[in-house]
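Quick one: the structure is below, questions incoming.
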Amino acid sequence: MDYGECLKHNINNNSLGNWPGEWASYFSLILWFIWKQRNEKIFQGKALSLPSLFHYVTAKAKEWAGIWEAASRKLDVRSKAARSEELIGWKPPPVGWLKLNTDGAAQGHGGEIGAGGVIRNSNGDWIKGFVCRIGAGSVIMAELWGILRGINLARRMGIEFLIIESDSRLALDLIQQPHDPTHLHASILADIRRTLAQNWVVQLVHSYREGNRVADWLSKHSLVYPFGMHELDDPPKAARAKLREDVIGVSIPRMVIRQES
């Protein structure tokens, strides 16, 4: 059996070895530790005898594999315990409030990005919408621009009570963290925080994508518009079916992991 066949045989066969668990995982760890020892011998002059190397490598491989298996079992148990199927749909704001749903879209990492959003009342009526074609960037950049454009639009409209809903938990977390001038998107985040701190009542809420479908549609279609901000007094025809579904309370099943309290 040549070197390549030996590697393939060990990596693809989990019944080899006299250890519990998957042999392929142990074998991969053993190779890594052998390579590590080889580098230490070359660059640091540290060398082990063959028997010592064998005992060291097998012991470390078992140790690492045991830690990994224990952690995997723990995570698997927690995930199964916290996971449940729920029906997710858009929820109207309370009477007297408006809700802004925003989303961002990107054509691959570093590709063209855009954002979209919609403001609706407690009846689900379209009050105002927007699309914004931004340029090149990342998904999180698109999400943040969507929130910034949306809240700036709401301020110009004189809205006093606003729920801001996004399906990007990362964007919402970044907004609520202390200012970090070294952050890649520090300028956008500062503008968002400054606008939120003005004289109005706002709430930041996370929504799953199934509850954010109109904004999701708008963000994706923002990339066909000219560059810049475009306000929409009326909903695009192709988005009206999703609007009607939100009004009548259509929900979509989704597996949800709830945070432990």
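The values are calculated or read from the model by the stated rules, or taken from the named source; none is laboratory data. This structure is a prediction, so every number in the text was calculated from the model and none was measured. In this analysis, Cβ positions are derived from the backbone assuming ideal geometry, glycine residues included, and neighbour counts consider all displayed protein chains.
Please tell me if Glu231 is surrounded by fewer than 16 Cβ atoms within 10 Å (Cβ to Cβ), closer than 15 Å to Gly117 by Cβ and touching a Leu at 6+ places or on another chain (Cβ under 8 Å).
yes
Inside the range 122-133, can you point out the residues that are touching a Gly at 6+ places or on another chain (Cβ under 9 Å) and more than 19 Å from Pro236 (Cβ to Cβ)?
Ser122
Go through the range 221-261 residue by residue and tally those that are modelled with pLDDT under 95 and charged (D, E, K, R).
So the count comes out to 3.
Identify, from the list Gly124, Gly129, Gly108, Gly158, the residue that is over 20 Å from the mean Cα position of the chain (by Cα) and either free of Cβ contacts under 8 Å to residues at least 24 places away in the same chain or surrounded by fewer than 13 Cβ atoms within 10 Å (Cβ to Cβ) (or both). Working first, answer last.
Values: Gly124 fails: either free of Cβ contacts under 8 Å to residues at least 24 places away in the same chain or surrounded by fewer than 13 Cβ atoms within 10 Å (Cβ to Cβ) (or both); Gly129 fails: either free of Cβ contacts under 8 Å to residues at least 24 places away in the same chain or surrounded by fewer than 13 Cβ atoms within 10 Å (Cβ to Cβ) (or both); Gly108 fails: over 20 Å from the mean Cα position of the chain (by Cα).
Every option except Gly158 fails the conditions.
Right, here's the next one. Considering (1) out of contact with any strand residue (DSSP E or B) (no Cβ under 6 Å at 6 or more places or on another chain); (2) crowded, with 16+ Cβ neighbours inside 10 Å; (3) more than 23 Å from Met157 (Cα to Cα); (4) of a type in the set (A, V, I, L, M), say which one Ala241 fails and leave the rest.
Going through (1) out of contact with any strand residue (DSSP E or B) (no Cβ under 6 Å at 6 or more places or on another chain); (2) crowded, with 16+ Cβ neighbours inside 10 Å; (3) more than 23 Å from Met157 (Cα to Cα); (4) of a type in the set (A, V, I, L, M) one by one, Ala241 breaks only (2).
Between residues in the range 21-46 that are surrounded by 13 or more Cβ atoms within 10 Å (Cβ to Cβ) and of a type in the set (Phe, Trp, Tyr) and residues that are modelled with pLDDT under 75 and part of a helix (DSSP H, G or I), which pairs lie under 6 Å by C-beta distance while being six or more apart or on different chains?
From the range 21-46, the pairs are Tyr26/Ala61; Tyr26/Ala65; Phe27/Asn10; Phe33/Val57; Phe33/Lys60.
Across the range 133-144, what is the total count of residues that are buried (at least 22 other Cβ atoms within 10 Å of the Cβ) and under 16 Å from Leu204 (Cβ atoms)?
The qualifying residues number 2.
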